[in-house]
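Trainee: Quick one: the structure is below, and I'll ask about it shortly.
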Amino acid sequence: MLVIAQIREKALLSYFYEMICQLNHCGVVLRRPASAHTLSFTPLRIRYFHCCRPANYLKLESSVPGRRVSRVVRTEAQDVLFDYLHCTRCFHLTDAEHMSKNSPHFLQKLLSKVENEQDVARSLSKFLRYNPINEFEPFFESLGLAPSEISALLPRNLMFLSDDCVMIENYHVLCDYGIARSSIGRMYKEVQAIFRYELGLLGSKVRAYEGLGLSRSTVIKLVSCCPWLLVGGINSEFVMVLKRLKGLGFENDWIGGYLSGKSSYNWKRMHDTIDFLEKVGYSEEQMVSLFKTNPELLFEGSGKKFYVLVGQLLKLGLKMKGVLSLFLQNPQILSKKCAKNLWQAVGFLFEIGMKVEDIVSIVSSHVQLLCSCSLKGPRTVLRSLKVGREGLCQIIKEDPSELLSLASKSKINSMEHVTCQSPSKHLEKTTFLLRLGYVENSDEMFKALKLFRGRGDQLQERFDCLVQAGLDCNVVSNMIKQAPSVLNQTKHVIEKKIDCLRNCLGYPLQSVVAFPSYLCYDIERINLRFSMYVWLRDKGAAKSNLSLSTILACSDARFVKYFVDVHPEGPAQWERLRKSLP
């Protein structure tokens, strides 16, 4: 039996080294150690895998060097560009509005051509009247692309978006499906081919993923972060991951709760991670527990973090069986903060001269302690204790918990102090946030504890109110992360706004998925603005089915300009509505 176990462990190690070799720049170099005595250790710097946030330069004065632009000038320039795109070039209202509000670098370039700074609106309007612009520049910038990325994407010999009707048609297909415009720029940059599809093809490819049993909100996240899934047929590697997770008992939309439009995913590596866990002996119940408590194992780096940490622990001197046992018993070590703390603690122990076998012993038995906080530098600790390295080693070996009391940074105590002010309330809130997908003891969790107001049971009641209204649980979780103040309202207020949306405004419930901030606006503002919009639409002066954000999110002055003053009787009707509505 011993021989069989040894053969099995060698096979697993070979499989692991084969998998780790497939990772590029994974942050760890693995060599099969000859022996523990020849092992050398260099403090590890963990690389974490983040994607750049889509560009959304809303402040010209801070994002563009040179002349500072005041808020008034910026607003006037945006209005002039909007009028040019909407009235002169006949862009759809929502397209023109989005481009004018989200292309500050292009606006800055336009403003640099204006000589009369005292009357920016008039000068800029005159300039645009005689100088047509390359519409692709503000268009791409409004989709979240940085100016440095745009030049390589500009088509040759084209200036007007209407000249590339195929691309615009496919762009509108993605918008109409519900994909955020700020995400479409990245999709275009990564896979331009999908914007060349003939009429109807792109829509059918997107809807094909709904055919796998995924909700629309999950498909939106999926194609936003992995646009290459829309090339060819349905991606077989993604289907394999979906089937494996379904076989473990997860619903199809479970992955939707953890996909981020700011990240990319390697579905083959995810499948290999699940396969590896199965090969090392994890039961289905164990894998389900592992993924539920620690979903970032799969979704942060598509499983790469798992291989990196396993490799580092093997390099340290642990056996494969011990490593896997650590993961199973302490899944929190895969979180970014815990992993950073763990390797900082290991580096601390090496720097004070502790032997490898003693470090392995402490990691094996006290990994939760090592992950719990950030540590001061060894020199600082030695200087404050007035003790030598050997003496400190002996203290920690006798009682590893002394490491925390002797070397933890004081700022960690501030978080502990916050959590201890009201233990029961903190526990309720923490439990609720864990169910939303926050990682325990993470910076995001600490920030969320401040953002959400109310007891844990009250927050859960408000959350359940949205689910009972007909929204998917994962969808609601993502809505709350986008607009936390939704749950800072009472259940009665949330129900009242949902009832208003459905029965008074005539919008489907799904419309709040794209604009969850609807639930944060006062009911008086909602009734007043939509009453005016309905009157205007009945008069034929406004398009039907405008988005909630177009009507609610704009300033009062902008609403009056484009929803009141556009009709001769508009101002009078607006005053009547303001007086009649409570």
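Trainee: Residues that are of a type outside the set (A, V, I, L, M, F, W, C) and farther than 27 Å from LEU436 by Cα: does the range 226-233 have at least one?
Mentor: Among the residues of the range 226-233, at least one is of a type outside the set (A, V, I, L, M, F, W, C) and farther than 27 Å from LEU436 by Cα, which makes the answer yes.
Trainee: Failed condition for LEU369, given (1) open to solvent by less than 10 Å² (accessible area, probe 1.4 Å); (2) under 31 Å from the mean Cα position of the chain (by Cα); (3) farther than 16 Å from VAL323 by Cα; (4) hydrophobic (A, V, I, L, M, F, W, C), with all others met?
Mentor: With respect to (1) open to solvent by less than 10 Å² (accessible area, probe 1.4 Å); (2) under 31 Å from the mean Cα position of the chain (by Cα); (3) farther than 16 Å from VAL323 by Cα; (4) hydrophobic (A, V, I, L, M, F, W, C), LEU369 is out only on (1).
Trainee: Within the range 279-294, count every residue that is open to solvent by 10 Å² or more (accessible area, probe 1.4 Å) and in a loop (DSSP other than H, G, I, E, B).
Mentor: Final tally of qualifying residues: 4.
Trainee: Just give me the residues in the range 532-553 being free of Cβ contacts under 8 Å to residues at least 24 places away in the same chain and either among the hydrophobic types (A, V, I, L, M, F, W, C) or part of a helix (DSSP H, G or I) (or both), in sequence order.
Mentor: Correct list: VAL534, ARG537, ASP538, ILE551.
Trainee: Mind counting the residues in the range 372-398 that are more than 42 Å from the chain's Cα centre (by Cα) and among the β-branched types (Val, Ile, Thr)?
Mentor: 2
Trainee: Can you pull out the residues in the range 372-392 that are within 24 Å of ASN330 (Cβ to Cβ) and either modelled with pLDDT under 80 or surrounded by 18 or more Cβ atoms within 10 Å (Cβ to Cβ) (or both)?
Mentor: SER372, CYS373, LEU375, listed by residue number.
Trainee: May I pose another question? Could you grab me the full set of residues in the range 184-195 that are part of a helix (DSSP H, G or I) and either open to solvent by less than 30 Å² (accessible area, probe 1.4 Å) or aromatic (Phe, Trp, Tyr) (or both)?
Mentor: Matches in the range 184-195: ILE184, GLY185, MET187, TYR188, ILE194, PHE195.
Trainee: So how many residues does the range 258-290 have that are closer than 18 Å to ARG435 by Cβ, under 23 Å from the mean Cα position of the chain (by Cα) and modelled with pLDDT of 80 or more?
Mentor: Of the residues in that region, 2 qualify.
Trainee: If you check LYS481 against the conditions, is it at pLDDT below 85, in a helix (DSSP H, G or I) and over 26 Å from ARG216 (Cβ atoms)?
Mentor: Here the answer is no, as LYS481 does not meet what is asked.
Trainee: Here's another thing I want to ask about it. Kindly evaluate GLU351 against the criterion of being open to solvent by 40 Å² or more (accessible area, probe 1.4 Å) and modelled with pLDDT of 80 or more.
Mentor: When the stated conditions are applied, GLU351 passes them.
Trainee: While we're on this one: Under the condition of being among the aliphatic types (A, V, I, L, M) and more than 16 Å from MET479 (Cα to Cα), which residue from the range 498-518 is least open to solvent (accessible area, probe 1.4 Å)?
Mentor: Among those residues, the one meeting the criterion is LEU501.
The values are calculated or read from the model by the stated rules, or taken from the named source; none is laboratory data. Quick caveat: nothing in here was measured; it's all calculated off a predicted structure. As a convention, Cβ positions derive from the backbone with ideal geometry for all residues, glycine included, and neighbour counts pool all protein chains shown. Side chains included, ligands, DNA and RNA excluded: accessible areas come from the protein's heavy atoms. Shrake-Rupley method; radii C 1.70, N 1.55, O 1.52, S 1.80 Å.
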